[in-house]
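Structure first, then comments.
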Amino acid sequence: MRTPLRLAVAVLALGLWTGAVLMARQAAPGRPAAPAASSSTAKKTPPLNMTGYALARPQGITRTVYEFVAQHPEISRFVPCFCGCEADGHRSNEACFVSRRDAAGNVTEWDTHGFGCAVCVDVARESMQLYNSGADVQSIRAAIERKWTPQSQSKTPTPLPPAKKH
């Protein structure tokens, strides 16, 4: 490949990645962003130590996804995962990132599976982007299933989200 073409491809890839990160951190109009770990309303989490792990996605994306799942179990526990992790006992995309929560819903132990699994991170990142655009949990799950079911051999046995209140 010629050098100018390589440079153009690299700039395009960097632009797409940067746009995805910025979009994931931005909230939809009228909806607050996912609270930061230091916020008084945020769920508490233990330190997230990614050192020594081969990450499937860049560290910033991985960290953002873990934070989203920690702060939004009302979304992630109703979204299936499609990587085959049901063989490890996972029941939803939440389990790819969180092993345990206390009675208040605070994360007490991370699951490191999400560090190295591109499918888990991508499903959670898409859920986060849909949430930030204003989608409800039923719409998020439907969109994720439409995209991932045709290309997957497996799916976690994830409970359906609660019915919409009218």
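Here Arg57 fulfils each of the conditions (1) basic (Lys, Arg); (2) modelled with pLDDT of 95 or more; (3) under 30 Å from Lys165 (Cβ atoms); (4) surrounded by 14 or more Cβ atoms within 10 Å (Cβ to Cβ) apart from (3).
Screening the candidates Gln138, Gln151 for the property of being out of contact with any Leu (no Cβ under 6 Å at 6 or more places or on another chain), of a type outside the set (Phe, Trp, Tyr) and at pLDDT below 95 yields one hit, Gln151. Of note, Pro73 satisfies the criterion of being surrounded by fewer than 21 Cβ atoms within 10 Å (Cβ to Cβ), within 22 Å of Ala42 (Cβ to Cβ) and not polar (S, T, N, Q). Note on the range 38-54: among residues that are surrounded by fewer than 17 Cβ atoms within 10 Å (Cβ to Cβ) and closer than 20 Å to Tyr131 by Cα, the one that is modelled with the lowest pLDDT is Ser39.
Before we move on, is Glu126 over 19 Å from Tyr53 (Cβ atoms) and either assigned to a helix (DSSP H, G or I) or hydroxyl-bearing (Ser, Thr, Tyr) (or both)?
Working: over 19 Å from Tyr53 (Cβ atoms): yes; either assigned to a helix (DSSP H, G or I) or hydroxyl-bearing (Ser, Thr, Tyr) (or both): yes.
Yes; evaluated as a whole, the condition is true for this residue.
Which residue out of Val69, Val65 is out of contact with any Lys or Arg (no Cβ under 7 Å at 6 or more places or on another chain) and in a helix (DSSP H, G or I)? From the options Val69, Val65, the qualifying one is Val69.
Quick check: anything in the range 95-109 under 10 Å from the mean Cα position of the chain (by Cα) and at pLDDT 95 or above? Scanning the range 95-109 turns up at least one residue that is under 10 Å from the mean Cα position of the chain (by Cα) and at pLDDT 95 or above. Quick one: is Val69 under 20 Å from Ala143 (Cα atoms), in contact with a strand residue (DSSP E or B) (Cβ under 7 Å, 6 or more places away or on another chain) and at pLDDT 95 or above? In short, yes.
Would the range 101-116 turn up any residue that is free of Cβ contacts under 8 Å to residues at least 12 places away in the same chain and of a type outside the set (S, T, N, Q)? Checking the range 101-116: at least one residue is free of Cβ contacts under 8 Å to residues at least 12 places away in the same chain and of a type outside the set (S, T, N, Q). Somewhere in the range 119-137, is a residue surrounded by fewer than 22 Cβ atoms within 10 Å (Cβ to Cβ), over 28 Å from Lys165 (Cβ atoms), of a type in the set (Asp, Glu) and in contact (Cβ under 8 Å) with a residue 12 or more places away in the chain? Yes, some residue in the range 119-137 is surrounded by fewer than 22 Cβ atoms within 10 Å (Cβ to Cβ), over 28 Å from Lys165 (Cβ atoms), of a type in the set (Asp, Glu) and in contact (Cβ under 8 Å) with a residue 12 or more places away in the chain.
Looking across the range 96-123, the residues that are in a helix (DSSP H, G or I) and touching a helix residue (DSSP H, G or I) at 6+ places or on another chain (Cβ under 7 Å) come down to Cys96, His113, Gly114, Phe115, Cys120, Val121, Val123.
The values are calculated or read from the model by the stated rules, or taken from the named source; none is laboratory data. It should be emphasised that the depicted structure is a prediction, and the values quoted were computed from it without experimental measurement. Cβ sites come from the backbone with ideal geometry, for glycine too, and all protein chains shown count toward neighbours.
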